[in-house]
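K.L.:
Next up is a structure, given as structure tokens.
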Amino acid sequence: EAVSMLPPLLLQVKPGMRVLDMCAAPGSKTCLLLSALAGSGTATLDSATAADVKGGCVVANEINPLRCNRLRVRMGRTRVAGQLLVCHPAQSMPGAAGSFDRVLADVPCSGDGTLRKNPDIWSSWQPRFSASLHPLQLQILKRGLDLLAPGGLLVYSTCSFSPTENEAVV
């Protein structure tokens, strides 16, 4: 959905920036970040050389190896220089404090915000789902803030309406 692409747009990524996508799969947001890093919506290695991204990079992280492999294929199609794929738990993402100018924390969530397009969720959704995800979401956000450079920008997002997964985390 178009609305799910707002978080990467809010980051206002420019060539030369160091960007971390903490929970990257399936990859639509990552590809948009790569496009912004290259300075165009349709950049390829032919039109966006390493000089165009001016040393910037997008580090895409995904904990699930199968989803990580699918993400690798998707990222490869963009052909934008400066991309790195990592398969690691986001809450313990390696890196020095202040490593990134921009961080996207589109965290795992209960998905209750997708009820209108996914009505099957109604029969199985329980409030405890939000409560069970809260600690993980908080850990991911804290790690993202640790990795964010002074003056940088972090966007935290979910596809949930639950205050437990949103306001209580932030």
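K.L.:
Let me confirm the definition first: pairs of Lys residues in the chain, 8 or more apart or on different chains, C-alpha distance under 27 Å. How many are there?
P.N.:
6
K.L.:
For a quick check of understanding: with a 1.4 angstrom probe and all protein chains in place, what accessible area in square angstrom does Asp146 have, to the nearest ten?
P.N.:
Surface open to solvent at Asp146 totals about 80 Å².
K.L.:
At 7 Å along Cα-to-Cβ for each site, give me the label-to-label distance between Trp125 and Ser4 in nm.
P.N.:
It is 1.6 nm.
K.L.:
May I pose another question? Need the full-extension length gain, Lys117 to Leu138, defined as separation in residues times 0.36 nm minus the C-alpha distance. One decimal, nm. Provide the component values of the computation, followed by the final result.
P.N.:
Working: separation 21, 0.36 × 21 = 7.56 nm, distance 2.69 nm.
Length difference between fully extended and current span is 4.9 nm.
K.L.:
Still on this structure, I have one more. Once you list every other residue whose beta carbon is under 15 Å from the beta carbon of Ser160, what net charge do they have if Lys and Arg are +1 and Asp and Glu are -1? Please report the intermediate quantities before stating the final value.
P.N.:
Details: positive: Arg116, Lys117, Arg128; negative: Glu1, Asp106, Asp112, Glu165, Glu167.
Here the count lands on -2.
K.L.:
Give the relative contact order (percent, whole number) for the chain; include only Cα pairs under 8 Å separated by 6+ residues. All intermediate terms of the calculation are to be shown ahead of the outcome.
P.N.:
Numbers: 340 pairs, mean separation 43.6, N = 170.
Relative contact order here is 26 percent.
K.L.:
Provide the per-residue ³J(HN,Hα) series for region 89-102, in order, calculated from phi with Karplus coefficients 6.51, -1.76, 1.60 and θ = phi - 60°, each as a whole number of Hz, with x at glycine and proline positions.
P.N.:
x, 4, 5, 10, 4, x, x, 7, 4, x, 6, 10, 7, 9
K.L.:
With every protein chain present, what is the per residue accessible area of region 22-170 (1.4 Å probe, Å²)? Don't skip to the answer; put the middle values down first.
P.N.:
Working: 7580 Å² over 149 residues.
About 51 Å² of surface per residue is accessible.
K.L.:
Can I ask one more? To the nearest 10 degrees, how steep is helix 65-78 against the longest Cα principal axis of the chain, on a 0 to 90 scale?
P.N.:
Helix 65-78 and the main axis of the chain meet at about 40 degrees.
K.L.:
Here is a follow-up. Which order do Lys29, Lys14 take by accessible area at a 1.4 Å probe, largest first?
P.N.:
Values: Lys29 40, Lys14 110 Å².
Ranking Lys29, Lys14 by accessible area, largest first, yields Lys14, Lys29.
K.L.:
If you don't mind, there's one more thing I want to ask. Using a Förster distance of 35 Å, how high is the FRET efficiency between Arg77 and Ala149, based on the Cβ-Cβ distance and rounded to 0.05? Numbers along the way, then the final one.
P.N.:
On the way: r = 29 Å, r/R0 = 0.83.
Computed FRET efficiency for Arg77 and Ala149 comes out at 0.75.
K.L.:
While we're here: Would you mind telling me the share, in percent, of accessible area of the chain contributed by carbon and sulfur at probe 1.4 angstrom? Could you put the intermediate results ahead of the total?
P.N.:
On the way: 5210 of 8710 Å².
Carbon and sulfur: 60 percent of the exposed surface of the chain.
K.L.:
Check Val58: other-chain or 5+ apart residues with amide H under 5 Å from its amide H, H built from backbone geometry?
P.N.:
Close amide H contacts, sequence-distant or interchain: Val19, Gln83, Leu84.
K.L.:
How many angstrom lie between the C-alpha centres of region 121-170 and region 79-112?
P.N.:
14 Å
K.L.:
Expressed as an acute angle from 0 to 90° and rounded to the nearest 10, what is the orientation of the C-alpha long axis of helix 28-38 relative to the principal long axis of the chain?
P.N.:
30 degrees
The values are calculated or read from the model by the stated rules, or taken from the named source; none is laboratory data. Here the structure is a predicted model, which is why all the values come from computation and not from measurement. Cβ atoms come from the backbone with ideal geometry, glycine included; neighbour counts cover every protein chain shown. Surface areas here come from the heavy atoms of the whole protein model, side chains and all, with no ligands, DNA or RNA. Shrake-Rupley method; radii C 1.70, N 1.55, O 1.52, S 1.80 Å.
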